[in-house]
Amino acid sequence: MDGSSFLGKLKGFFKKYQIEMFILGTFLGLWTLFFLINPRAFTNIYTYTAYMSHVPFMIIPVLFLTYVIIAGEIDMSFPSVIGLGGWVFTAIWGLTGSPIAGLIIALVAGLLAGLFNGILVTKLHIPSLMLTIGTMYMWRGAIMITSEGLGRAVPLKRTTIGQIFVGRLGRVPVQIFWAVALAVVTGIILSRHKFGTHVYFSGDSPEAAKMLGVNISRVKIIAYTLLGVFSAFTGVLLVLDLSTFWPSLGEGYLLLVISSVIIGGTSIYGGAGSIFGSVIGALLIGILQTGILASGISGFFTDFVIGLIVVVAIVFQSIPRK
Amino acid sequence: MTPKNWNLIELKNVSKEFDGVIALKGVNLSIRSNEIVGLVGDNGAGKTTLVKVLTGVYPPNKGEIYIKGKKIDNLTPQKARKLGIEVVHQQRAVALLQPIWKNIFMGREVVNFLGFLNVNKQKEETERLMKGVLRFRSEAVTPDTLVKTLSGGERQGVQVARALYFDADLVILDEPTTALSITEVDKVLDYVRSLKKEGKSCLFISHNISHVYSIADRIVIMDRGAIVEEFRKKDISERALFDQMKTVVKAGS
């Protein structure tokens with residue numbers, strides 16, 4: 001038995017994280033490919049600072065959507081909650097002049113939006129796909145009505161709150177540190193906390209978990225609520241970073257975020273997945289976006305390629321294994 | 001030590017009706033401490049309803065339930081578990097994609113004051129149970145092994161280990177040997193014997209008379225919601241039990 005030797009441990013690690021290792025390999029492979037296609041762009045520091053400034057906006061919702069999908073549900077409404085968070089922040093700041101008040105009320109709005117999804121899904125047993133398509137349009141519609149479909153300038157990037165959330169540390173965008181910190185916390189909670197364990201049980205074997213006293217409804221409501229709060233947070237970060245609120249804020253993130261989670265090895269059937277995988281998934285989607293543009297191919301290809309990868313990933317997950 | 005012949009569980013005249021359909025009528029059943037009671041009966045005899053009444057899933061319409069000599073009203077599944085009643089379900093009470101160490105502690109994790117798992121403790125206890133009581137032979141099976149890679153019998157072993165760790169007094173095994181191969185059945189029967197050795201009581205429910213006969217101290221036959229026969233194992237041969245069962249089923253049809 002070489003289970004205790006270094007090589008044995010390494011083998012065990014690779015076996016346990018084979019999906020994560022596979023996508024990490026794909027990520028490095030893609031990076032090399034894009035590097036070879038356009039070495040000038042990929043040796044340029046600005047490519048990387050741009051990457052680090054936009055990838056966090058994907059990573060943050062990705063973390064919490066991972067919880068929801070592992071718990072056996074889905075949320076299509078988070079892009080609208082990103083928009084809602086951004087809009088509430090903008091509106092409250094406009095009314096009161098206080099970005100702090102805007103931030104807090106935006107997070108509360110996100111919390112309520114998430115709670116609403118969670119309660120309806122668990123208490124009324126509504127299929128989450130249909131419900132959250134409904135809330136997706138509902139919140140987007142509410143933004144459109146109240147903002148009259150118009151954007152707003154939000155020049156707060158140079159203020160303290162702007163510096164804290166989307167400023168620069170040297171050349172590194174601060175938002176990447178927020179994303180990394182949240183990834184570490186959510187990862188530890190998923191693998192080492194009672195709540196994380198119950199998230200897995202909820203998606204894997206809800207019947208067993210219920211029999212043994214796990215409150216699945218509560219687990220799912222918390223997962224939805226966290227996704228709501230942090231989607232709204234992402235909305236605030238986006239408004240600060242762009243110095244602008246657009247009524248369509250967040251719309252592009254539906255495919256990007258869901259595909260990051262799926263590519264990262266989280267099972268579409270629930271019960272399996274990891275934060276590490278999802279983060280690598282997001283990095284991979286990010287490098288695809290950057291790489292496709294940098295290699296001079298039309299940006300129209302981005303959606304096609306990402307969609308194709310998602311289909312392939314889902315097909316792989318669904319092939320019955322012995 | 002608890003004295004022998006001490007009634008751990010007692011059902012007195014328990015009846016259960018669903019919309020006019022009588023599922024249990026006047027059931028009297030007692031299970032003594034450190035006793036294995038085998039419960040046999042045809043489909044629809046009321047075995048599953050009886051289990052659900054015992055575990056607090058269904059409240060009885062009539063009758064009384066005594067646990068450790070105390071009359072229990074409004075039994076709920078949580079209460080039943082607190083009072084030391086554990087159920088081993090065929091396959092359903094395990095999470096297949098999770099490791100054994102998480103499954104054993106499902107719903108009752110060992111956590112610190114912030115709710116973080118005591119992973120080492122859970123793994124050590126799992127290892128101790130696997131090597132001790134369960135005698136999982138394969139070296140390849142560790143606490144980290146995912147339950148989906150275990151055999152049907154071993155999956156029930158995980159549930160037996162759970163019952164042992166949480167110090168259940170009565171372990172109810174609901175059709176534990178159905179759909180298992182012969183070697184797997186042997187494993188499950190072995191688990192039941194280890195439960196007895198650890199001083200537990202068992203209610204072993206099965207269609208299969210020879211499985212029940214090989215481990216039970218006492219055998220109870222149910223038919224159409226009532227207990228119709230009751231034997232101590234030493235008073236009846238397997239053959240006679242089989243004939244008795246056939247007579248009961250025939251009389252019912």
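The values are calculated or read from the model by the stated rules, or taken from the named source; none is laboratory data. The structure displayed is predicted, hence computed values, not measured ones. For neighbour counting, all protein chains shown are included, and Cβ atoms are generated from backbone atoms with ideal geometry for every residue, glycine included.
Below is a table of values for the structure above.
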| item | result |
| --- | --- |
| Candidate set: segment B:132-151, residues that are free of Cβ contacts under 8 Å to residues at least 12 places away in the same chain and not charged (D, E, K, R); chosen: the one farthest from the other protein chains (Cβ to nearest Cβ) | B:132 |
| Filter result (surrounded by 10 or more Cβ atoms within 10 Å (Cβ to Cβ), within 12 Å of chain B (Cβ to nearest Cβ) and more than 25 Å from the chain's Cα centre (by Cα)) within segment A:10-19 | A:12, A:13 |
| Number of the exception - residue A:101 against (1) among the small types (Gly, Ala, Ser); (2) without any contact (Cβ under 8 Å) to a residue 24 or more places away in the chain; (3) not in a helix (DSSP H, G or I) | (3) |
| Positions within segment A:199-237 being among the charged types (D, E, K, R) and either buried (at least 24 other Cβ atoms within 10 Å of the Cβ) or under 17 Å from the mean Cα position of the chain (by Cα) (or both), in sequence order | A:204, A:220 |
| Residue A:286 crowded, with 21+ Cβ neighbours inside 10 Å and touching an Asp or Glu at 6+ places or on another chain (Cβ under 6 Å) | no |
| Test: residue in segment B:58-66 that is among the aromatic types (Phe, Trp, Tyr) and within 13 Å of chain A (Cβ to nearest Cβ) | no |
| Residue satisfying all of: in segment B:132-186; small (Gly, Ala, Ser) and surrounded by fewer than 22 Cβ atoms within 10 Å (Cβ to Cβ); farthest from residue B:54 (Cα to Cα) among these | B:140 |
| Residue list for segment B:182-215, filter: touching a helix residue (DSSP H, G or I) at 6+ places or on another chain (Cβ under 8 Å), polar (S, T, N, Q) and not in a helix (DSSP H, G or I) | B:206 |
| Per-region count, segment A:188-228, residues facing chain B (nearest Cβ under 7 Å), among the hydrophobic types (A, V, I, L, M, F, W, C), without any contact (Cβ under 8 Å) to a residue 12 or more places away in the chain and assigned to a helix (DSSP H, G or I) | 3 |
| Residues being within 13 Å of chain A (Cβ to nearest Cβ) and part of a loop (DSSP other than H, G, I, E, B) - total across segment B:152-168 | 2 |
| Residue list for segment B:82-106, restricted to those being basic (Lys, Arg) and either more than 7 Å from chain A (Cβ to nearest Cβ) or touching a Cys at 6+ places or on another chain (Cβ under 7 Å) (or both) | B:82 |
| Which listed residue, of B:54, B:11, B:75, is touching a residue at least 60 places away in the same chain (Cβ under 8 Å), surrounded by 13 or more Cβ atoms within 10 Å (Cβ to Cβ) and closer than 22 Å to residue B:89 by Cα | B:54 |
| Every pair of residues 6+ apart whose Cβ atoms lie under 7 Å, when the first sits in segment A:1-27 and is modelled with pLDDT of 80 or more while the second is loosely packed, with under 13 Cβ neighbours inside 10 Å | A:21/A:14 |
| Whichever residue in segment B:107-131 is among the hydrophobic types (A, V, I, L, M, F, W, C) and facing chain A (nearest Cβ under 7 Å) and, among such residues, is surrounded by the most Cβ atoms within 10 Å (Cβ to Cβ) | B:117 |
